[in-house]
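This report refers to the structure that appears directly beneath it.
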Amino acid sequence: MVENRLNIGQISEGFVLDHIQAGKSMDIYKYLRLDKLDCCVAIIKNARSNKMGKKDIIKIECPIDIIDLDILGFIDHNITVNIIENETIVDKRKLRLPKEIKNVIKCKNPRCITSIEQELDHVFVLTDEENEVYRCKYCEEKYGRH
Amino acid sequence: MRHLMNPLDFSVEELEQLMDLAGDIEAHPEKYAHACEGKKLATLFYEPSTRTRLSHEAAMLNLGGSIMGFSSAASSSAAKGESVSDTIRMISCYADICAMRHPKEGAPMVASQHATIPVINAGDGGHQHPTQTLTDLLTIRSLKGRLNHLKIGLCGDLKFGRTVHSLINALVRYEDIEFVLISPEELRLPGYVRKDVLDKQHIPYTEVVRLEDALPTLDLLYMTRVQKERFFNEEDYVRMKDFYILDKKKMELAPQDMLVLHPLPRVNEISVEVDDDPRAVYFKQVQYGVYIRMALILTLLGIHVE
């Protein structure tokens with residue numbers, strides 16, 4: 001008999017990123033550059049969730065110090081980050097807004113120097129934490145999420 | 001290594017020192033005539049500018065230094081596709097300090113990240129023009145004797161005028177500052193400046209359309225030009241360009257000690273008949289622009305004159 005449940009094995013050390021907005025897991029995979037890691041990554045899309053209806057989950061088996069998770073704070077701070085050691089959750093990390101974001105978002109100001117010099121890093125700096133405002137380091141154009 | 005990218009790079013105390021030095025240069029120019037002997041200023045102007053380039057060059061020449069540079073992108077390696085970072089690495093081998101104007105916003109900051117010499121932002125697109133703001137501050141302090149307790153009228157293109165935005169940012173750091181924003185509806189100060197700067201710091205301001213209504217109570221009137229290049233159609237520009245013309249008759253409404261400043265060039269927003277009025281200080285402002293740039297060059301190069 002074929003079991004109709006989807007089981008992903010436990011991880012011994014790494015992260016479980018839970019409560020990801022359904023459909024956003026591939027974006028996070030890209031932002032965290034998980035494709036560059038030689039480790040086991042499981043992406044679960046549209047998992048059932050009492051709180052969210054459906055959600056995405058990412059499980060990453062890797063040493064916990066090799067991924068910079070600050071960027072998740074910029075993407076969505078409702079994501080829950082569970083840190084796993086010895087197959088148990090040892091910590092739930094609170095996400096905060098990163099002070100600086102490099103090469104994640106692009107400056108859209110056509111007058112910005114980054115629009116003509118392709119080799120420049122696209123760097124955004126958190127200028128107003130309360131209102132979650134990021135500005136381009138070079139031209140100070142505000143990043144619009146929408 | 002210190003650079004100047006933004007007028008707010010200097011604290012109020014540092015600005016005081018810079019303006020004190022500019023004041024001493026004005027009083028004793030001979031003392032500084034050889035201060036930069038053997039030093040070279042490179043003026044890297046990727047777009048034309050008369051005043052800003054020549055005032056930097058005059059400042060360095062007054063200090064006994066020498067100058068080199070280019071005055072348009074076409075006459076530089078940028079025309080061959082050289083990046084700002086490569087150009088500045090090269091210039092760092094030739095000169096001791098540089099002033100850069102670039103049409104793209106943030107270009108001088110890119111230069112500062114790769115330079116081994118101080119970089120002065122001499123204007124980057126519609127973004128920053130810090131030496132103009134320093135010039136304005138020195139003019140006000142020298143001729144009014146203070147930078148606090150002032151009611152300042154800003155008139156003309158408050159929407160696109162970067163000098164106005166920079167001046168507001170610089171002046172709100174002083175005590176008891178009040179602004180009167182004089183503009184047509186279409187050229188009002190942008191919401192982000194009103195909200196993020198004035199409202200946030202509880203700076204009092206009023207918005208009026210008629211210049212005559214504001215004039216009687218001002219300590220200072222800062223006029224600006226309506227810039228043709230900011231308009232998408234000729235019709236709007238033509239309608240806006242003559243909206244404000246300061247003439248002798250209007251000056252009669254102003255207090256006897258009110259100063260008129262203008263970053264120049266002017267088109268017709270100040271009638272030439274006002275030029276002889278002692279309150280019209282826009283040409284003195286140009287002279288202060290040289291003093292403050294002399295002080296800036298000395299400060300960034302770390303040269304002290306006893």
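The values are calculated or read from the model by the stated rules, or taken from the named source; none is laboratory data. Remember, it's a predicted structure, so these values are computed and weren't measured experimentally. Ideal geometry is used to build each Cβ from the backbone, glycine not excepted, and the neighbour counts take in all protein chains shown.
Just for the stretch B:67-100: of the residues that are hydrophobic (A, V, I, L, M, F, W, C) and within 14 Å of chain A (Cβ to nearest Cβ), which one is surrounded by the fewest Cβ atoms within 10 Å (Cβ to Cβ)?
B:A79
Given the options B:S71, B:S77, B:S142, B:S112, name the one that is among the polar types (S, T, N, Q) and assigned by TED's automatic domain parsing to the domain that holds B:P216.
Going through B:S71, B:S77, B:S142, B:S112 in turn, the sole match is B:S142.
Name every residue in the stretch B:234-260 that is hydrophobic (A, V, I, L, M, F, W, C) and part of a helix (DSSP H, G or I), in order of residue number. Break it down stepwise before answering.
Step one: of the stretch B:234-260, the residues hydrophobic (A, V, I, L, M, F, W, C) are B:238, B:240, B:243, B:245-246, B:251, B:253-254, B:258-260.
Of everything in the stretch B:234-260, those that are hydrophobic (A, V, I, L, M, F, W, C) and part of a helix (DSSP H, G or I) turn out to be B:V238, B:M240, B:M251.
Test each condition in (1) assigned by TED's automatic domain parsing to the domain that holds A:R33; (2) within 30 Å of B:K80 (Cβ to Cβ) for A:E119 and report the one that comes out false.
Unmet condition: (1).
Report yes if some residue within the stretch B:141-150 is within 11 Å of chain A (Cβ to nearest Cβ) and in contact (Cβ under 8 Å) with a residue 24 or more places away in the chain; otherwise report no.
Looking for residues that are within 11 Å of chain A (Cβ to nearest Cβ) and in contact (Cβ under 8 Å) with a residue 24 or more places away in the chain, one finds none in the stretch B:141-150, hence no.
Of (1) surrounded by fewer than 24 Cβ atoms within 10 Å (Cβ to Cβ); (2) on the phi > 0 side of the Ramachandran plot; (3) within 14 Å of chain A (Cβ to nearest Cβ), B:D176 satisfies all except one. Which?
Exception for B:D176: condition (3).
Can you report the number of residues in the stretch B:101-126 which are facing chain A (nearest Cβ under 9 Å) and within 12 Å of B:R89 (Cβ to Cβ)?
1
Inside the stretch B:24-42, can you point out the residues that are more than 30 Å from B:R89 (Cβ to Cβ), hydrophobic (A, V, I, L, M, F, W, C) and part of a loop (DSSP other than H, G, I, E, B)?
Selection gives B:A33 alone.
Inspect all residues belonging to the stretch B:263-275 and state whether any of them is part of a loop (DSSP other than H, G, I, E, B), under 24 Å from B:E207 (Cβ atoms) and in contact with a Leu (Cβ under 8 Å, 6 or more places away or on another chain).
There is at least one residue in the stretch B:263-275 that is part of a loop (DSSP other than H, G, I, E, B), under 24 Å from B:E207 (Cβ atoms) and in contact with a Leu (Cβ under 8 Å, 6 or more places away or on another chain).
Output the number of residues of the stretch B:153-166 satisfying the condition of being closer than 22 Å to B:N6 by Cβ and in contact with a helix residue (DSSP H, G or I) (Cβ under 7 Å, 6 or more places away or on another chain).
Looking only at that region, the number is 8.
Confirm whether A:V125 is within 14 Å of chain B (Cβ to nearest Cβ) and of a type in the set (A, V, I, L, M).
yes
Failed condition for A:K102, given (1) within 14 Å of chain B (Cβ to nearest Cβ); (2) farther than 29 Å from A:C139 by Cα; (3) of a type in the set (K, R), with all others met?
Only one criterion in (1) within 14 Å of chain B (Cβ to nearest Cβ); (2) farther than 29 Å from A:C139 by Cα; (3) of a type in the set (K, R) is unmet by A:K102, namely (2).
How many residues are assigned to a loop (DSSP other than H, G, I, E, B), surrounded by 12 or more Cβ atoms within 10 Å (Cβ to Cβ) and without any contact (Cβ under 8 Å) to a residue 24 or more places away in the chain when one looks only at the stretch B:193-233?
1
Somewhere in the stretch A:50-72, is a residue of a type outside the set (D, E, K, R) and within 14 Å of another protein chain (Cβ to nearest Cβ)?
First, the residues of the stretch A:50-72 that are of a type outside the set (D, E, K, R): A:50, A:52-53, A:57-58, A:60, A:62-64, A:66-67, A:69, A:71-72.
Filter again for within 14 Å of another protein chain (Cβ to nearest Cβ), leaving none.
Checking the stretch A:50-72: not a single residue is of a type outside the set (D, E, K, R) and within 14 Å of another protein chain (Cβ to nearest Cβ).
Over 18 Å from A:I28 (Cα atoms) and at the interface with another protein chain (Cβ under 7 Å from one of its Cβ atoms): is that true of A:R135 in this structure? Steps first, please.
Working: over 18 Å from A:I28 (Cα atoms): yes; at the interface with another protein chain (Cβ under 7 Å from one of its Cβ atoms): no.
The answer is no for A:R135.
Restricting the search to the stretch B:172-222, which residues are basic (K, R) and under 21 Å from the mean Cα position of the chain (by Cα)?
Across the stretch B:172-222, the qualifying residues are B:R173, B:R188, B:R194.
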